[in-house]
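Here's the structure we're looking at; comments come further down.
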Amino acid sequence: MLVFIDESGDTGLKIKQGSSRYFVIALVSFEEDEEAIACDQRIQLLKRELKLPADFEFKFSKLRKDIRIKFFEAVLPYVFFYYGIVINKDPSKLYGDGFKIKESFYKYTCSLVFENAKPHLKEATIIIDGSGSREFKKQFSTYLRKKVGTSVIKKIKIQSSHNNNLIQLADMIAGAINRSFSQKGDKDIYRKIIKSKEIYVQIWPK
């Protein structure tokens with residue numbers, strides 16, 4: 001089992017100074033490695049179809065509406081599912097010193113989405129976006145295993161999204177979730193396309 005994690009928004013709490021209102025983490029899971037490989041290949045083929053460079057990175061925040069739609073339509077035939085966690089950074093709802101520390105905020109948010117996905121995960125290899133220092137990777141791995149359990153997580157890898165099409169898939173889904181909580185005109189389009197892949201998206205705190 002392969003699991004890909006990426007986020008949308010930021011962990012900053014100064015919304016009036018430009019921080020995002022929401023911080024979203026998406027967890028995308030493939031039960032079969034072969035299905036993940038096929039989806040990866042389809043994303044790569046899409047780059048050729050769109051006449052994009054082979055090393056082009058699909059990032060939700062930087063794409064036009066039509067490209068986003070084509071991306072989601074391209075991956076739809078493949079067997080995967082996703083969970084999402086949406087952190088509402090409204091200062092009247094989110095408080096506590098731990099949220100002021102980027103690493104703590106990120107780790108806690110990941111633990112929430114993993115707790116929701118836990119019943120569907122077993123001996124998963126987790127691939128997370130980010131260069132990440134060796135020390136953070138070690139701390140993060142220990143933290144998640146303690147929170148979620150060693151039977152759920154087999155291995156944790158931190159890789160560059162630029163070189164991993166399936167982390168880009170997680171980015172696109174995280175972006176679609178985040179957009180659905182905005183007031184923009186396309187807010188409902190993307191999640192609707194991939195609705196069949198969605199297991200649960202939690203808003204926290206209520």
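Grab the other residues whose beta carbon is less than 15 angstrom from that of residue 125, score K and R as +1, D and E as -1, and report the net.
Overall, the nearby charge balance is -2.
Run the dipole for the chain about the Cα centre, Lys and Arg Cβ at +1, Asp and Glu Cβ at -1, nothing else charged, and hand back the magnitude in debye, nearest 20.
So the magnitude is around 700 debye.
Over the stretch 1-74, calculate the relative contact order: mean separation of alpha carbon pairs under 8 Å at least 6 apart, over the residue count, as a percent.
Relative contact order comes out at 25 percent.
How much mean residue ellipticity at 222 nm does the chain get from its helices, if each DSSP H run of length 4 or more adds -39500 (n - 2.57) and you divide by all residues, to the nearest 500 deg cm²/dmol?
Mean residue ellipticity at 222 nm (helix-derived): -12000 deg cm²/dmol.
What GluC sites (Glu not before Pro) in the stretch 75-137 are in a loop by DSSP, with at most 14 other Cβ atoms within 10 Å of the Cβ?
Sites meeting the loop and neighbour criteria: 123.
What do you get for Rg/Rh over the stretch 5-104 if you use C-alpha atoms and the Kirkwood form of Rh?
Over the Cα atoms of the stretch 5-104, Rg/Rh equals 1.06.
Looking at 3, 203, 168, which one has the Cα that reaches farthest to the positive end of the dipole of the chain (charges on Cβ: Lys, Arg +1; Asp, Glu -1)?
Farthest towards the positive pole: 203.
Can you give the Kirkwood hydrodynamic radius for the chain, in Å, rounded to one decimal and based on Cα pairs?
Kirkwood hydrodynamic radius for the chain: 17.3 Å.
Rounded to the nearest whole Å², what accessible area per residue is found for the chain with the 1.4 Å probe?
For the chain, the per-residue accessible area is 52 Å².
Select from 104, 36, 119 the residue farthest towards the positive end of the dipole of the chain; place +1 on Cβ of Lys and Arg, -1 on Cβ of Asp and Glu, and compute about the Cα centre.
104
With each pseudo-label sitting 7 Å past Cα toward Cβ, what's the residue 202-residue 154 distance in nm, one decimal?
That separation, rounded to one decimal, is 2.5 nm.
Take the residue pairs 102/147; 62/195; 16/93; 16/89 and return only those whose Cα atoms are more than 20 Å apart.
With Cα atoms farther than 20 Å apart: 62/195.
When only alpha-carbon atoms count, how far does the stretch 94-203 stretch along each of its three principal axes, as whole angstroms with the largest first?
42, 32, 30
How far is it, in nm, from the label point at residue 79 to the one at residue 195 when both lie 7 Å from their Cα along the line to the Cβ?
2.3 nm
Counting pairs of alpha carbon atoms under 8 Å apart in space and at least six apart in sequence, what relative contact order in percent does the chain give?
Over the chain, the number comes to 34 percent.
The values are calculated or read from the model by the stated rules, or taken from the named source; none is laboratory data. Bear in mind the structure is a predicted one, so any value in this text is a computation, not a measurement. Positions of Cβ are backbone-derived with ideal geometry, glycine not excepted, and every protein chain shown enters the neighbour counts. What goes into the accessible areas is simple: the full protein's heavy atoms, side chains included, and nothing from ligands, DNA or RNA. Shrake-Rupley method; radii C 1.70, N 1.55, O 1.52, S 1.80 Å.
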